[in-house]
Structure formats: C-alpha cells, structure tokens
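Structure first, then comments.
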Amino acid sequence: MQASFTFTGTPETYIASRGPDVPILFFDPAALHTRFALFQSGFPGLVTYAVKANDTIEVIENLHMAGLTTFDVASPVEIARVRDLCPDATLHYNNPVRSAREIQMGVQAGVASWSVDCISELEKLIAQGATGEIAVRLHLPMGGSAYNFGEKFGACPEDAVTLLQRVARAGYQAAMTFHVGTQCTDYSAWDHYITTCYDIAQRAGVTLSRLNVGGGFPAHRDGVAPDLTAIFAQIATSVERTFGHKPPKLVCEPGRALVSECYQLLVRVKGRKANNILYLNDGIYGAMAEWRDIGPVKRLEIMRPSGDAVTDQVDPFSVFGPTCDSLDRLPGIVALPHTIQDGDYILISGMGAYSNVTCTPFNGYGVVRRVTIAP
C-alpha cells in the first residue's frame, strides 16, 4: 500500500523541506477510502473499479483493503496486475472488442463478466469458451458529457434486442450495460438509459440478471463538487419505476469519480517570460494530458519554495509544458497570481484520474514521482 515514497506531513512542508524539481503526485489514502465509502453506502448495488483510471499499486491495494472486491479490467495487462495484487478479486472484462488471444487470457484468469456490442464479438466470445455473464452494451445519442463513448462502443436499441436474445440462447447470464459519457453532468442521462434497457429487455423477452450503469460519474474539476448522491438517487428511482418489484441487480464501474480526490499534482514554474508566459515542468504530454481534451482542473494553489501561499491578484497567463513541442500548452488562459515567478509551485487538487496513466516520456520528460502523504 505504499507509493514510491512516504512522507509524514503536508504538501506544503514537503515543498519547504525538499524543494522538488520534478512533478509530484501526492497520494492521500484516507481520501480514497472516504470516496469509496460514499459509493459503497450510496449506490444501490455492486461497486466495481475501472482500473484504467489509475492502475497504481497503492490505489488498487487500498481499494481492496477498503472492501472493494470487483475490478473492471480492459486488457490482459490490467487483468494480470489485479490478479497479482488481489488474487481473490472478481474480474469484469468490459472492453467490448477483444482479440481471440485476449479472450483466451481472460478465460484463463477466470473473468466473470464480459460485455459485447456486436454479433461478431459475441460469437467470438462463444467460440473461445467464455463463461459467466455477458452484458449487451447500449449506446444512445445523448449529450451532457465531456466526450461521448458512443462513437467507439455500443449497440443501437434494435441491435441490442438481437444481441440479448442470442446471449440468452447461448446459455449465458444475460445482462445489459451502458456508459453515459465521461464527466456526465446531465443526471437524467442515467434515467434515459435505464428506461431504454428495460424496453429492450421486454422486446427481447429476456429477464436481465444484472444492469451495469457504467461509469461517467463526474469528478470535482472546478469550484462546484458534483452531487453524486443525487445521481445514485436518480438511478434507484429510475430502476424502481421501470423494473418494478423485480429489478435486476445493479452494478456501477466508476473510475474518475472514485480516484480523482486521492491525488494532488504538484508542478513547478521553470520560467516566466514577458507578456505573462509561463513554462512548467509538466504539461499535456505528462500528467495534464486531459486538460487538452476536457478542459482544465481549476482547483489551484500557488506556493513559494518556502511553502507559503501566494494569494495576490490574478492575471491571465499562457502556460506551456516542458517539452520543445509548441503543442505542449494548456488550453486557453490560466488565471494565476500576477506575482508568480520562476521556482514557484502550483498544487492542483482532483488529479487522481488519468494523470499518471497517461504520462509519456516524450522529449525526456514525463517522470512523475508519487509520494504518499501520511498524517
């Protein structure tokens, strides 16, 4: 349950005592346990974890220690990682397109649940001897999220009916699943999907063993924390209204919303030029890759090398990463204290998801040290 290094103190005291010159991801185990407890107590079903959001040893082991038993894995590498760290864990392999060899590896690892979104992938699972549950993945043309998974995965309702019938005929536990889209802020999306899944099951004449409502739960990226309990309530109400007194068992697979709060990213100003141009020691080729795709995390604290906060009036800045590529720039402008200078630090909260896992070594950068903060 250790990161690469454990420090007793706070990010501020770490800065003052060590003066780091490489990006740091500060891991807070207590924040991860608190977040899992929120899902565990609030979501009306099984909580799994989408490993792709953050596959570090400390995250997987701490979630398992907190009571999480099921992991959503999307590749043989993730399967092996979870099996190595948590040998007794249940595996859901919900990447709906797999090679025959990947299916074989999943079968050998004892995968309990699979998803499909087309007949050819379903027949491939059957041919390779997959067992357990198969969930038909649905896609609906909806907005309300940072980006839509439907361009890549998901069957239309008509095809989902045919797939569900084939799953049942083949003797599998028949289920359905969907993904409302990354960072979804339209809570009614879950209602629309649940209602459509009910309609599909009715048309197919198939009783669903489970309904996986996927991920898409939003994380706190700006000044307003999303109300996850409202989403849980929406899901429960929708299932009760549609399925009545015989609902399928529910599953969710949060990634971002489960781990975002357990890491803070510390970056350092490498230089400041005229016209409010800053250069940092990390950027879009590193732990801030998502800023280019879904916008910045706006939860910033600025500190001097002493660890003291800088709270001066803010100005708009153009901010670049450390590489020699001009594309390595944070989108738009960033509001920062007008007195920010070379050697100062920026501590960014809510950076536990899609940060360390998306880092590249491009141009010799991308090394982000992980530090566990102990109380």
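The values are calculated or read from the model by the stated rules, or taken from the named source; none is laboratory data. Note that the coordinates shown come from a computational prediction; the quantities given were computed from them, not determined experimentally. Note that each Cβ is placed from the backbone with ideal geometry, even for glycine, and that neighbours are counted across all protein chains shown.
For segment 260-276, enumerate the residues that are over 29 Å from A219 (Cβ atoms) and either in contact (Cβ under 8 Å) with a residue 40 or more places away in the chain or outside any strand (DSSP E or B) (or both).
Of everything in segment 260-276, those that are over 29 Å from A219 (Cβ atoms) and either in contact (Cβ under 8 Å) with a residue 40 or more places away in the chain or outside any strand (DSSP E or B) (or both) turn out to be G271, R272, A274, N275.
For the list (1) touching a residue at least 40 places away in the same chain (Cβ under 8 Å); (2) crowded, with 21+ Cβ neighbours inside 10 Å; (3) closer than 30 Å to G9 by Cβ; (4) of a type outside the set (K, R), I need the number of the one condition that I60 fails.
With (1) touching a residue at least 40 places away in the same chain (Cβ under 8 Å); (2) crowded, with 21+ Cβ neighbours inside 10 Å; (3) closer than 30 Å to G9 by Cβ; (4) of a type outside the set (K, R) applied to I60, the lone miss is (1).
Assess whether G332 counts as being part of a loop (DSSP other than H, G, I, E, B), outside the structural domain of H220 (by TED's automatic domain parsing) and modelled with pLDDT under 95.
Spelling it out, G332 is indeed part of a loop (DSSP other than H, G, I, E, B), outside the structural domain of H220 (by TED's automatic domain parsing) and modelled with pLDDT under 95.
Taking the condition farther than 19 Å from T48 by Cβ and modelled with pLDDT of 95 or more, does L122 pass?
Answer is yes for this residue.
Among the residues of segment 1-37, count how many are part of a loop (DSSP other than H, G, I, E, B), buried (at least 19 other Cβ atoms within 10 Å of the Cβ) and either touching a Pro at 6+ places or on another chain (Cβ under 6 Å) or among the hydrophobic types (A, V, I, L, M, F, W, C) (or both).
1
So how many residues does segment 236-255 have that are crowded, with 17+ Cβ neighbours inside 10 Å and touching a strand residue (DSSP E or B) at 6+ places or on another chain (Cβ under 7 Å)?
Total meeting the criteria: 8.
Of the conditions (1) among the hydroxyl-bearing types (S, T, Y); (2) surrounded by fewer than 21 Cβ atoms within 10 Å (Cβ to Cβ); (3) without any contact (Cβ under 8 Å) to a residue 60 or more places away in the chain, T229 clears all except one; give me its number.
The one condition T229 does not meet is (3).
Which number in (1) aromatic (F, W, Y); (2) over 26 Å from T56 (Cβ atoms); (3) in contact with a helix residue (DSSP H, G or I) (Cβ under 6 Å, 6 or more places away or on another chain) marks the one condition that Y279 misses?
It fails just one condition, (3).
Just to verify a result, which residue in segment 326-358, among those that are among the polar types (S, T, N, Q) and touching a residue at least 40 places away in the same chain (Cβ under 8 Å), is farthest from F5 (Cα to Cα)?
Restricting to residues being among the polar types (S, T, N, Q) and touching a residue at least 40 places away in the same chain (Cβ under 8 Å), the top hit is Q341.
What number of residues within segment 104-125 satisfy the criterion of being in contact with a Gly (Cβ under 8 Å, 6 or more places away or on another chain) and closer than 10 Å to L163 by Cβ?
Residues flagged as in contact with a Gly (Cβ under 8 Å, 6 or more places away or on another chain) and closer than 10 Å to L163 by Cβ within segment 104-125 amount to 1.
Between residues in segment 359-375 that are at negative phi and part of a strand (DSSP E or B) and residues that are exposed (fewer than 13 other Cβ atoms within 10 Å of the Cβ) and hydroxyl-bearing (S, T, Y), which pairs lie under 7 Å by C-beta distance while being six or more apart or on different chains?
A374/T8
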